[in-house]
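The values are calculated or read from the model by the stated rules, or taken from the named source; none is laboratory data. Owing to the predicted nature of the structure, the values given are computational and were not obtained by experimental measurement. Using ideal geometry, Cβ is built from the backbone for each residue, glycine included, and neighbour counts are taken over all protein chains shown.
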Ligand SMILES: [Zn+2]
């Protein structure tokens, strides 16, 4: 029997879908708690009996209301509700004689058992559909030299939500820069007022609560004004403590003077980056990684074109199973990026052909960086809406976001993934409002975008 601090039993339902969390119902708090921080759950009774105690103590330290969780004795099979696809409701929830049960508790326990049985038997995937199971993503944006940025945020949000594993919020600086033409079409219906400015301006009120999320997707770009120092510090702490970040395209142009940020992205470009920012990192024709310390500007690209991606680390969770090479849709091929490049792993490169005014080198396109306990997925892809329609972009973005949040990848490679010589794109369409389901809020034109007086 496992009880919480108030002496009430806690029912535990290991995930029915093979994902690595369990759902706990605390009768005293009358709420579900998801143990998403728990490591791999083995559903065998032996595991619960012998190993779960330490795991739960570790978890409940993170959950203040249940911090005083007590184990009267080790878990046994009869104490735990098992809801596996193959073993729905095997085992039973036996209440110890040590507890005098109120009718209210018995009713609550009965309702819970019925709920769980129905949830698993009637719809085994129900656990996947509850918000608490999902990876919490925050997309940040507002200032970017790329006019498509409001649309790209909407695309990223839709890709994540359609996948089903993520919930997504967007936080935008109140002063926006560029993207004016798309700001109304892809406005946020969040009740806040925005001012579209001709020049990026620092937003002293931009203070997202990063700690509410598993991963932050950065869709800021070149010329973005600095975040408030307190926001920078909060973000650095978030990553240091184990949060995730995904850097999209020009997000690696941002903030050349923010040291920690440049360590997180590994490599960046423009913004007066030079050899002082760090080495120019590329692959030579022999497949060797070169860290070129010689003087030079950081950041460049040739003309936009389709280019072939080459996987350099086929064992990383993000790239595992991808074809060795695949053709990416029309995009800018970033080159000559420079940065600290510490704890950085290049997953894929592309050859910047001189025919396209490129460097003639194999340039890093997809990278991961470890920073503190945090994980960063850095994709230089995504110049325009059409670049982000590429199935290769979508797939690596989704897998990279999942990895940055959890360290694992469960998202499969779709059948329409591009091949070495044929790119594949999915035309982006805003969802049409279904009869009983209004369109997502961010897709609705709103009236909270204010043009500055000329
Ligand atoms: Zn670009």
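Tabulated data
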| item | result |
| --- | --- |
| Among (1) within 26 Å of residue 250 (Cβ to Cβ); (2) more than 16 Å from the ligand (Cβ to nearest atom); (3) in contact with a strand residue (DSSP E or B) (Cβ under 7 Å, 6 or more places away or on another chain); (4) at pLDDT 95 or above, the one test that residue 442 misses | (4) |
| Top-ranked residue of the range 359-378 - restricted to ones that are assigned to a loop (DSSP other than H, G, I, E, B) and under 24 Å from the mean Cα position of the chain (by Cα), ranked as nearest to residue 413 (Cα to Cα) | 373 |
| Single residue of the range 299-326 satisfying the filter (outside any loop (DSSP other than H, G, I, E, B) and away from the ligand (no atom under 16 Å from the Cβ)) that is surrounded by the most Cβ atoms within 10 Å (Cβ to Cβ) | 309 |
| Evaluation of residue 161 against (1) assigned to a strand (DSSP E or B); (2) away from the ligand (no atom under 16 Å from the Cβ) (one fails), failing number | (1) |
| Given (1) closer than 27 Å to residue 399 by Cα; (2) out of contact with any strand residue (DSSP E or B) (no Cβ under 7 Å at 6 or more places or on another chain); (3) crowded, with 22+ Cβ neighbours inside 10 Å, number of the condition residue 162 does not satisfy | (3) |
| Candidate set from the range 227-262 (those that are part of a helix (DSSP H, G or I) and within 14 Å of the ligand (Cβ to nearest atom)); member that is nearest to residue 399 (Cα to Cα) | 249 |
| Residue within the range 402-416 that is at pLDDT 95 or above, within 18 Å of the chain's Cα centre (by Cα) and within 16 Å of the ligand (Cβ to nearest atom) present | no |
| Tally of residues being within 27 Å of residue 404 (Cα to Cα) and touching a strand residue (DSSP E or B) at 6+ places or on another chain (Cβ under 6 Å) across the range 188-202 | 1 |
| Residue match in the range 381-395 (condition: within 15 Å of the chain's Cα centre (by Cα), away from the ligand (no atom under 16 Å from the Cβ), assigned to a helix (DSSP H, G or I) and under 19 Å from residue 318 (Cβ atoms)) | yes |
| Positions within the range 359-380 being out of contact with any helix residue (DSSP H, G or I) (no Cβ under 8 Å at 6 or more places or on another chain), under 19 Å from residue 217 (Cβ atoms) and within 15 Å of the ligand (Cβ to nearest atom), in sequence order | 365 |
| Qualifying residue in the range 143-156 (condition: within 24 Å of residue 374 (Cα to Cα), under 12 Å from the mean Cα position of the chain (by Cα) and either more than 16 Å from the ligand (Cβ to nearest atom) or buried (at least 23 other Cβ atoms within 10 Å of the Cβ) (or both)) | yes |
| Test: residue in the range 284-298 that is within 16 Å of the ligand (Cβ to nearest atom) and either within 25 Å of residue 408 (Cα to Cα) or crowded, with 21+ Cβ neighbours inside 10 Å (or both) | yes |
| Selection within the range 327-358 - more than 16 Å from the ligand (Cβ to nearest atom) and over 27 Å from the mean Cα position of the chain (by Cα) | 351, 353, 354, 355 |
| Test for residue 225: is it surrounded by 21 or more Cβ atoms within 10 Å (Cβ to Cβ) and within 18 Å of residue 146 (Cβ to Cβ) | no |
| Matching entry among 187, 202, 224 (being within 16 Å of the ligand (Cβ to nearest atom) and either modelled with pLDDT of 95 or more or outside any helix (DSSP H, G or I) (or both)) | 224 |
